[in-house]
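Below: one structure, written as structure tokens.
The values are calculated or read from the model by the stated rules, or taken from the named source; none is laboratory data. If you're wondering where the values come from, they're calculated on a predicted model, not measured in any experiment. Because the Cβ atoms are built from the backbone with ideal geometry, glycine has one as well, and the counts that use them run over all protein chains shown. The protein model used for the area step is the full one, side chains on, heavy atoms only, and it has no ligands, DNA or RNA in it. Shrake-Rupley method; radii C 1.70, N 1.55, O 1.52, S 1.80 Å.
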Amino acid sequence: MTMLDTADLKGSADRVMSRKRIVSFALPALVLTYLAYVFFAFGVPDLIAKASGANARALMADTYSHKVHVTRDNRNGTVRVAIEGESKGAYPEGASPDWVALGEETIIDLGGGHIVTYLPENNGVTYNVPGYGLMTFKVSRSQGVIQDYPTGDIPNWVNASKNRVAVTTEAGRLSITRNRTEVFRYFVGWELFFFTLDSPYHGLEFGEVVGRAFGGEAGAIAQDFWTNKMWRHGDVAWAIFETILMAFLGTMGGAIVALPLAFLAARNFAPLVAVRMATRRLFDFIRGVDALIWTIILSRAFGLGPLTGALAILITDTGTFGKLFSEALENVDKKQMEGVQSTGAKPIQRYRFGVIPQITPVLISQILYFLESNTRSATVIGAITGGGIGLLLTQAIITQKDWEEVSYYIMLIVVMVVFMDWLSGLLRRKLITGGKDGH
């Protein structure tokens with residue numbers, strides 16, 4: 001090898017190494033540039049600036065706890081105690097929990113030395129905060145909320161204006177407006193989940209309830225639980241059933257409609273190119289439009305209701321099943337069809353005994369998978385069409401009040417999806433492998 005050849009090889013190697021260094025530098029730089037663009041294009045700095053740790057903690061606390069409202073109507077002076085502020089969770093007139101002393105002056109002990117007192121004169125309110133002092137508020141129809149703080153300065157845990165004051169401490173929250181004064185105290189747990197205040201079983205220990213059930217009151221206990229006005233267990237159970245039914249009708253209806261159409265889209269069953277292409281484009285169009293879009297269109301055409309949601313799932317799944325089924329049909333073994341044909345079977349019989357048995361495992365597997373997936377989709381669709389657990393979840397979120405109900409519905413949705421996953425797996429094993437786990 002000459003010196004010229006050696007120089008050429010060395011120069012070529014240097015160029016290759018130079019290109020590699022450029023690529024190794026340019027690629028990370030390009031990725032970082034793209035990530036920086038995404039960071040600003042999607043408004044991440046604004047999102048971080050608007051994020052509130054206090055709001056996040058309050059939201060999380062609402063999911064596993066409940067509030068008791070002690071409310072005074074500043075127009076007539078009446079005091080009302082209610083769980084979550086709802087009439088369904090209101091204590092009877094004159095009754096209250098042991099930390100609220102009703103009377104001419106209503107004294108509310110929030111614990112830890114935090115005492116709120118409703119005064120009869122001028123709709124006055126005092127709040128004694130340990131380590132800070134006694135705050136005094138008076139409500140005037142002309143001057144708004146008159147405020148007096150022990151230090152003269154408003155602390156940062158008080159949000160005050162002329163017509164509204166909100167005091168938030170670790171013990172609870174006090175809200176004062178011209179029309180209403182309200183104290184919120186948080187407790188861990190989902191209060192009244194089993195029985196409401198008007199039930200004779202409210203406040204009983206678990207053992208006492210079980211003892212009464214065995215003593216002949218099982219029907220009454222079940223009735224009180226099922227018709228619970230706060231948590232509406234009967235309505236929730238029906239909503240879960242509606243969601244599963246919506247998914248089942250949509251999935252099975254889509255499979256029934258798609259199967260005969262799939263023969264028109266399969267190359268080995270539809271010799272006419274025009275028919276085959278038209279059917280395939282129909283499938284593309286149907287599945288190209290998301291189920292939520294079909295839901296909105298159908299709700300305008302047929303109105304709200306779970307049946308509209310089932311129809312939206314049916315239409316979407318028809319396109320998807322049509323594509324999957326036609327691909328399965330194109331892979332069938334022709335020898336089995338020829339064997340059935342040799343017996344003198346008619347075309348319908350050839351399809352029934354020569355084709356369907358071959359694609360049945362694929363059909364069942366796909367249908368069961370989509371049934372499980374559509375159970376989740378039916379939750380979202382139900383929020384639009386007004387049916388199922390999705391509607392209850394949306395209503396609970398819109399109120400921005402009872403987040404423990406939101407967490408309850410989300411837990412039920414997760415349980416429902418897990419159940420459908422288990423059920424579809426069980427059916428798949430039973431129908432395809434005969435319950436032998438694939439062996």
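FRET efficiency for D198 and W157, Cβ-Cβ distance as r, R0 = 35 Å, nearest 0.05? Don't skip to the end; give the middle numbers.
Values: r = 37 Å, r/R0 = 1.05.
Calculated transfer efficiency: 0.40.
For the chain, what are the DSSP H helices with axial Cα length of 24 Å or more and mean Kyte-Doolittle hydropathy of at least -0.5?
3-41, 233-265, 306-329, 356-385, 403-432
Pick from P97, P45, P28: which is most flexible by mean-square fluctuation in a GNM of the chain where alpha carbon atoms under 10 Å apart are linked?
P28
Which FRET efficiency value, to the nearest 0.05, do you get for A301 and Q395 by plugging their Cβ-Cβ distance into 1/(1 + (r/R0)^6) with R0 = 25 Å?
Approximately 0.55, to the nearest 0.05.
Hey, what's the chain come to in accessible area per residue, 1.4 Å probe, Å²?
That works out to 58 Å² for each residue.
Which of H114, H66, H233 moves the most in a Gaussian network model of the chain with Cα springs under 10 Å?
H114
Starting from the Cα of L282, step 7 Å along the direction of its Cβ; do the same at D235; then give the gap between the two resulting points in nm.
For the pair L282/D235, the computed spacing is 4.2 nm.
With the crude spin-label approximation of a point 7 Å out along Cα→Cβ, what separation in nm comes out for F40 versus S140?
The two pseudo-label positions are separated by 5.2 nm.
Just to verify a number: FRET efficiency for Y64 and S365, C-beta to C-beta distance, R0 = 30 Å, to 0.05?
In this case the efficiency is close to 0.15.
Pairs K50/K162; K138/K229; K88/K138; K323/K346: which exceed 32 Å Cα-Cα?
Numbers: K50/K162 25 Å; K138/K229 36 Å; K88/K138 30 Å; K323/K346 26 Å.
Those over the limit are K138/K229.
Kirkwood hydrodynamic radius for the range 344-401: how many Å is it when counted over pairs of different Cα atoms? Before the final figure, lay out the partial values.
Numbers: mean 1/r = 0.0693 Å⁻¹.
Kirkwood radius, the range 344-401: 14.4 Å.
Share of the range 178-269's accessible area from carbon and sulfur, percent, 1.4 Å?
Roughly 66 percent, rounded to a whole number.
Just checking my list (i) 0.99; (ii) 1.51; (iii) 1.11 against Cα Rg over 2.2 N^0.38 Å computed from this structure; which label fits?
Structure-derived value, by its label: (ii).
Once neighbouring chains are kept in place and the probe is 1.4 Å, which whole percent of the accessible area of the range 73-144 is contributed by carbon and sulfur?
Carbon and sulfur atoms account for 47 percent of the accessible area of the range 73-144.
Considering only protein heavy atoms, with the full assembly of protein chains and a 1.4 angstrom probe, order F225, F195, F241, F137 by accessible area, largest first.
Correct descending sequence by accessible area is F241, F225, F195, F137.
Assuming 0.36 nm per residue, please report the length gained on full extension of the stretch R80 to V289 beyond their Cα-Cα distance.
Value of the extension gain: 70.1 nm.
Could you check how much of the accessible area of the range 316-412 is carbon and sulfur, as a whole percent, using a 1.4 Å probe? Working shown, then result.
Numbers: 2700 of 4540 Å².
The value for the range 316-412 is 59 percent carbon and sulfur by accessible area.
Would you list V415, V70 from the most to the least accessible area, probe 1.4 Å?
Highest to lowest solvent-accessible surface, that is V415, V70.
Over the chain, what relative contact order in percent results from Cα pairs under 8 Å that are six or more residues apart? Don't skip to the end; give the middle numbers.
Numbers: 578 pairs, mean separation 52.5, N = 439.
The value is 12 percent.
In nanometres, what is the gap between the two model label sites at D98 and N122, each 7 Å from Cα along Cα-to-Cβ?
3.6 nm
Taking 0.36 nm per intervening residue step and subtracting the Cα-Cα distance, what contour gain separates L272 from R180 on full extension?
Roughly 25.5 nm would be gained on extension.
If you average the alpha carbon positions of the range 252-327 and of the range 383-426, how far apart do those two centres end up, in angstrom?
Result: 27 Å between the Cα centres.
Under a 10 Å cutoff between Cα atoms, tell me which one of L391, L245, L134 has the largest fluctuation in the Gaussian network model of the chain.
Between L391, L245, L134, it is L134 that shows the largest mean-square fluctuation.
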